[in-house]
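Notes to accompany the following structure.
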Amino acid sequence: MIKVVKFGGSSLASAEQFKKVANIIKAEKERRYIIPSAPGKRYSADIKVTDMLYECYGLASKGKDYKQSMENIKTRYNEIISELGLDLSLENEFKIIEAGFVGRSGRDYAASRGEYLNGIVLATYLGYEFIDSAEVIFFDDYGNFDAERTNTAVAEKLSGIEYAVIPGFYGSMPNDTIKTFSRGGSDITGSIVARAIKADLYENWTDVSGVLVADPRIVDNPAVINTITYKELRELSYMGASVLHEDAIFPVRKEGIPINIRNTNAPEDEGTMIVESTSKKSEYTITGIAGKRGFTTVSIEKDMMNSELGFCRKVLEEFEKQGISIEHMPSGIDTMSVFVSQEDFVKKEQEVLAGIHRNTHPDTIDIESDIALIAIVGRGMKSTRGTAGRIFSALAHARVNVRMIDQGSSELNIIVGVDDCDFEKAIQAIYDIFVTIQL
């Protein structure tokens, strides 16, 4: 059995955390390929190393005094090295990084150095081989991830290496400059490596014991989801759930490799298994709840709209012209509503409205702001009667007014729109009706 194991920034924030990570890795010989993030926060008021690197680069690239900022970064790593008792110096690496910052090597280069340095430290501590991700993870000339070239390169590189550390978050462009994934992209690196070597399992270690049914900032001590499908996780991630980078699903999904979300600080917890499909029933009717705030709804009304060819297309074109993405679009016979990001819409609202009036001649257009969208997701909802009724009953009991209802054709999710001010109350009410009552 082969496992690819990724550790997040909180798991590698200090020497104490490094020791926990090493114990986890050494506990199973199958944990052969390790993907580290940059050191995260050691305590709530601390600064992540990636943010420290951004700050230092910003100063150096503008010709400002960056010396103290660079010293702070050195201190973070040197403290870890010293407390681990390692015979390791990163001084040459720091000199190269400093020259790169002064030479304006780019924000991607700056950000990537956190993972790069942490990879060297972890490889030394474990006695594993260090592989620079820039040598095996590639992007094309347009900055798009080159999946097939990368897959071949990683497979070839690791074919003769039994144990290795490959830093997360970055790769290289055809001109050898560094390119990073979006923030949290170390999850993607782990998924890429797992696919390339056809791993049996991809373990993603973080600071929570799996994917939670609801946001713990809203629901006190929410239940952990034991098993969730890729589709369910995609729905929850899209609506704000952030345990795993949503793009990390795609590489392993192609190979049918499950992902196990685990807690570095509670390694005895089994965590959450993320799988392609499963015959296991959800512990609750729903799998999870997630939501986003800050939406505006544009409601267009016109008699005989349903018989007017191309009406919806003409409306949506006006949003497209202004670069505004559509979130949801419930409709009736003579009405359609378009939900968009309030932040994006407010900058271009008059241009959009003028375009709709000019091209569709509606009877009325109404705008309502400060709407929140909540997704209730679950593979068990399809075969359970009365799920929607229970949702609306719970919201009514909590005195939450439902502004919009939308159910996907797969019956995997139900999305409700509520006033922003009712967002947290609505999530708590839905959680209580499906989970708390069953506990």
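Structure summary
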quantity: Label-point separation, I161 to M304 (7 Å along Cα→Cβ), nm; calculated: 7.0 nm
quantity: Among the listed pairs K198/K382; K179/K292; K6/K29; K29/K231, those beyond 22 Å (Cα-Cα); calculated: K198/K382; K179/K292; K29/K231
quantity: Those aspartates and glutamates that a straight Cα-Cα span of less than 20 Å connects to K26, excepting residues fewer than 8 apart in one chain; calculated: E16, E83, E129, E162, D200, E203, D207, E268, D269, E270
quantity: Estimated inter-spin distance, E16 and T384, nm [label 7 Å along Cα→Cβ]; calculated: 4.0 nm
quantity: Highest-fluctuation residue, Y284, Y116, Y230 considered, GNM on the chain with Cα pairs under 10 Å; calculated: Y284
quantity: Solvent-accessible area per residue for the chain (1.4 angstrom probe, square angstrom); calculated: 46 Å²
quantity: Semi-axis lengths (Å, descending) of the ellipsoid that matches the C-alpha gyration tensor of region 122-201; calculated: 20, 14, 12
quantity: Length gained when the stretch L88-K347 is fully extended (0.36 nm per residue, less Cα-Cα span); calculated: 88.0 nm
quantity: Sorted largest first, extent of region 281-401 alpha carbons per principal axis (Å); calculated: 51, 32, 27
quantity: In Å², nearest 10: area of S383 left accessible to a 1.4 Å probe; calculated: 100 Å²
quantity: Apportionment of accessible area to carbon and sulfur, region 255-360, percent (1.4 Å); calculated: 47 percent
quantity: Debye log10 I(q)/I(0) at q = 0.20, 0.21, 0.22 Å⁻¹ for region 330-396, Cα point scatterers; calculated: -0.96, -1.00, -1.05
quantity: Over region 1-159, relative contact order from alpha-carbon pairs under 8 Å, at least 6 apart, %; calculated: 21 percent
quantity: Where labels lie 7 Å past Cα in the beta-carbon direction, separation of N221 and E411 in nm; calculated: 3.6 nm
quantity: Helix-derived mean residue ellipticity, 222 nm - over the chain, DSSP H n ≥ 4, -39500 (n - 2.57), to 500; calculated: -12000 deg cm²/dmol
quantity: Net lengthening on full extension, K280/E28 (0.36 nm per residue, minus Cα-Cα); calculated: 88.1 nm
quantity: Percent RCO, i.e. relative contact order, over the chain, from Cα pairs under 8 Å lying at least 6 residues apart; calculated: 13 percent
quantity: Neighbourhood net charge (12 Å Cβ-Cβ; Lys/Arg +1, Asp/Glu -1) for V315; calculated: 0
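The values are calculated or read from the model by the stated rules, or taken from the named source; none is laboratory data. Here the structure is a predicted model, which means the values were calculated and not measured. Please note: Cβ atoms are built from the backbone with ideal geometry, for glycine as well, and neighbour counts cover all protein chains shown. These area figures cover heavy atoms from the full protein model, side chains too; ligands, DNA and RNA do not enter into them. Shrake-Rupley method; radii C 1.70, N 1.55, O 1.52, S 1.80 Å.
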